[in-house]
Amino acid sequence: MTAPLDPLAKFRFVVTLDPGDAYLPPAQAQLLPMVAAGAFQEVTGLGASLDVLAYAEGGRNDSVHQLPVRHSWNRIVLKRGVARDPGLWSWYAAGLAGSLGARRDGSVVLLGPDGVPAVAWTFRAGLAAKWTGPDLHAEQSAVAVESLEIAHEGLSRVGVGD
């Protein structure tokens, strides 16, 4: 009898609601895909932007000053995923119940071709801002998440096992 195939084998990003998971030593990091809250095929929004105000100084005609105004973080968008447990949905639902939302720190971990974590991004004070469910098909039995958007207040890139 052969062992069943891992249904998350083609999902290359896992999400945890524990930022410490990004700092696990290699031996424990290999177990991360088995305990993560969800796994996703696509992640976008790992970035930030700086709003800049153009200020023209009187008498200076050769250039315009560029003044930094505020820094903002992009929303992390996780697409085409599968939830292993109800943790991600519970996080989103808790945000609906509270007027300030349910803030959580967490990690998005990139898996290498061998399924071993390669690099991670930790986010701070994240809110599950948007949840989109899957299209349902009678021939599929997966508990799927089409997309989850996380609004957050900070992002750090870390090497797994560092």
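Laboratory data are not the source of any read-out in this text; all were calculated from the coordinates shown. Fair warning: this is a prediction, and the values are worked out from it, not measured in the lab. Here the Cβ positions follow ideal geometry from the backbone for every residue, glycine too, while neighbour counts run over all protein chains shown.
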| Projected label distance in nm at Y23 and K130, using a 7 Å step from Cα toward the beta-carbon | 3.3 nm
| message | What value in Å³ per residue do you get for the convex hull of the alpha-carbon atoms in the range 13-159? | response | 160 Å³
| remark: Of all stretches in the chain that avoid GluC sites (Glu not before Pro) placed in a DSSP loop and having at most 13 other Cβ atoms within 10 Å, the longest is 58-138
| task | Provide the per-residue ³J(HN,Hα) series for the range 119-128, in order, calculated from phi with Karplus coefficients 6.51, -1.76, 1.60 and θ = phi - 60°, each as a whole number of Hz, with x at glycine and proline positions. | result | 8, 9, 10, 9, 10, 10, 6, x, 10, 6
